[in-house]
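Colleague: First the structure, which I've put down as structure tokens, then a few questions once you've had a look.
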Amino acid sequence: MLSFDGVVFLGLYYGALALTAWAFVDALVRPAPGYVAAGKLTKPAWAAITGLALLVVFWVGPMSFLGLPAIIAAVVYLVDVRPAVRQLRRGGTSW
């Protein structure tokens with residue numbers, strides 16, 4: 001039987017894994033010219049960063065020395081890069 005700490009850690013693990021997987025898949029799906037037009041790193045760079053973050057969280061775990069920067073990289077992609085690339089695809093409107 002799992003303890004409370006084990007359940008919390010398992011929830012953090014699967015949550016971080018889902019977050020980094022979402023960032024990686026989204027980085028692969030977006031068109032490459034959108035990254036350059038938005039003034040961000042290129043598509044291969046963001047795919048590599050988010051893919052590495054996914055591997056680190058999968059193998060090392062989210063609550064480790066490498067896991068926390070991996071989660072931060074995925075969050076930076078989802079909060080900063082993704083909206084900029086999506087906005088260019090929609091035509092740049094705020095509605």
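Colleague: Size of region 4-90 along its principal axes in angstrom, Cα-based, largest extent first?
Modeller: Principal axes ranked by extent give 46, 20, 16 Å for the Cα atoms.
Colleague: Of the peptides 41-50, 2-11, how do they stack up when ordered by the mean number of other Cβ atoms within 10 Å, highest first?
Modeller: Packing proxy ranking, top to bottom: 41-50, 2-11.
Colleague: What does the highest-first list of 56-67, 17-28 look like by mean Cβ count within 10 Å?
Modeller: Details: 56-67: 16.3, 17-28: 18.8.
Top to bottom by mean Cβ count within 10 Å: 17-28, 56-67.
Colleague: Another one. In deg cm²/dmol and to the nearest 500, what is the mean residue ellipticity at 222 nm of the chain if only DSSP H runs of at least 4 residues count, each as -39500 (n - 2.57), divided by the residue total?
Modeller: Taken over the chain, the calculation gives -23000 deg cm²/dmol.
Colleague: If the label point is 7 Å along Cα→Cβ of residue 76, which residues in region 20-46 have backbone nitrogen under 15 Å from it?
Modeller: 24, 40-43, 45-46
Colleague: So how far apart, in nm, are the two label points at residue 63 and residue 37 if each is 7 Å from Cα heading toward Cβ?
Modeller: Placing both labels 7 Å along Cα→Cβ, they lie 4.3 nm apart.
Colleague: In sequence order, what are the phi-derived ³J(HN,Hα) couplings for region 41-56 according to the Karplus relation 6.51 cos²θ - 1.76 cosθ + 1.60 with θ = phi - 60°, rounded to whole Hz, with x for glycine and proline?
Modeller: 4, 6, 4, x, 5, 5, 5, 5, 5, 6, x, 5, 4, 4, 5, 5
Computed from the coordinates by the stated procedures, all read-outs in this text should not be read as laboratory data. From a predicted model like this one, the values you see are computed outputs, not experimental measurements. Positions of Cβ are backbone-derived with ideal geometry, glycine not excepted, and every protein chain shown enters the neighbour counts.
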